[in-house]
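What follows is a short report on a single structure.
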Amino acid sequence: ALLDQVKHRAIVRVFEVLPQERAVVMEAVHGVTLRTVLDVCAHAREQVFTEAALEVACELADALDQAWSTPGDNGEKLRLVHRDLKPENIMLTRSGEVKILDWGLARVDNAEFAREATGRVHGTPVYMSPEQARGKPADQRADVWAFGCVLYELLTGERPFGGESELLAVSAILNEPHRPLSTLRKDLPAGLDEIVARALAKQPQDRFQSASE
């Protein structure tokens, strides 16, 4: 019902909520996830086209900003945060549209809704922000971090913070710098290194403060 209030071409649509059946009628998206795209490219030893990666990134940023800034029924911003943005939850349709799926871990910061208890860790370890990994409240800047991870992977085929286990990945997220884009690809447009680096800043105040920014 919450997601039904947000309308954006890159957010999977909710048509109807059926409380008694505990069911939601949603848009059927025909396409593949970004994980499939990345896996196919890796198998073929090819890169995602840079222009395509940037088109996807722009759509993601615009959708995340819409989720944050859409007014709720009380007139306040919903401040909806996905908290689990990753290639598995992003689809490309046959016509080239981008769709963000699986808002099951989303958090809302609006007086109309009950506040969530803090101290719990939500998200996929290799894509969660440092504050999420510490169990702290996550705002839109956590989605900006995940956006940076997805963009990095689209451009390089590698995750910015990897490891042989989720524990090592979280340790890297908390303590280690990511490898600059320019060390992996020399052909990328100037400025992308700075954009990704700012999105992946360890401290939320050092990142872009919104997806629209």
Select from the stretch 9-21 the residues that are more than 21 Å from the chain's Cα centre (by Cα) and not in a loop (DSSP other than H, G, I, E, B) and write down the one among them that is nearest to Gly104 (Cα to Cα). Val17
What residue, of Glu51, Glu59, Glu46, Glu55, is closer than 23 Å to Leu192 by Cβ, in a loop (DSSP other than H, G, I, E, B) and among the charged types (D, E, K, R)? Glu46
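Yes/no matrix, rows are residues, columns are (1) surrounded by 14 or more Cβ atoms within 10 Å (Cβ to Cβ); (2) at pLDDT 95 or above:
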{"position": "Leu18", "(1), (2)": "no, no"}
{"position": "Arg22", "(1), (2)": "no, no"}
{"position": "Arg35", "(1), (2)": "yes, yes"}
{"position": "Gln47", "(1), (2)": "yes, no"}
{"position": "Ala57", "(1), (2)": "yes, yes"}
{"position": "Ala61", "(1), (2)": "yes, yes"}
{"position": "Leu80", "(1), (2)": "yes, no"}
{"position": "Asp84", "(1), (2)": "yes, no"}
Conditions: (1) farther than 23 Å from Gln140 by Cβ; (2) surrounded by fewer than 13 Cβ atoms within 10 Å (Cβ to Cβ); (3) touching a strand residue (DSSP E or B) at 6+ places or on another chain (Cβ under 7 Å). Glu51 meets all but one. Number of the miss? (3)
Considering only the stretch 169-188, how many residues are touching a helix residue (DSSP H, G or I) at 6+ places or on another chain (Cβ under 7 Å) and either more than 14 Å from Glu153 (Cβ to Cβ) or among the hydrophobic types (A, V, I, L, M, F, W, C) (or both)? 9
Would you pick out the residues in the stretch 200-213 that are closer than 15 Å to Glu176 by Cα and either open to solvent by less than 40 Å² (accessible area, probe 1.4 Å) or within 15 Å of the chain's Cα centre (by Cα) (or both)? Leu200, Ala201
Have a look at Val32, Val6, Val24, Val56 and point out the one that is more than 18 Å from the chain's Cα centre (by Cα) and β-branched (Val, Ile, Thr). Val24
Got a number for residues in the stretch 66-90 being over 11 Å from the mean Cα position of the chain (by Cα) and touching a residue at least 12 places away in the same chain (Cβ under 8 Å)? 13
So the check is Cβ under 9 Å with 6+ separation or different chains; which pairs have a first residue in the stretch 6-24 that's within 27 Å of Ser95 (Cβ to Cβ) and a second one that's modelled with pLDDT of 90 or more and among the small types (Gly, Ala, Ser)? Val6/Ala63; Val6/Ala67; His8/Ala63; His8/Ala67; Arg9/Ala63; Ala10/Ala63; Ile11/Ala63; Ile11/Ala67
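In the set Glu164, Glu116, Glu112, which member is modelled with pLDDT under 90, touching a Gly at 6+ places or on another chain (Cβ under 7 Å), loosely packed, with under 14 Cβ neighbours inside 10 Å and not aliphatic (A, V, I, L, M)?
Only one candidate passes the filter, namely Glu112.
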Number of the exception - Ala106 against (1) surrounded by 14 or more Cβ atoms within 10 Å (Cβ to Cβ); (2) closer than 20 Å to Leu64 by Cβ; (3) at pLDDT 85 or above: (3)
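The values are calculated or read from the model by the stated rules, or taken from the named source; none is laboratory data. Since the model is a prediction, treat every value here as computed from it, not as a measurement. With ideal geometry, Cβ positions are generated from the backbone for all residues, glycine too; neighbour counts draw on all protein chains shown. Areas reflect the complete protein model, heavy atoms only, side chains present, ligands, DNA and RNA absent. Shrake-Rupley method; radii C 1.70, N 1.55, O 1.52, S 1.80 Å.
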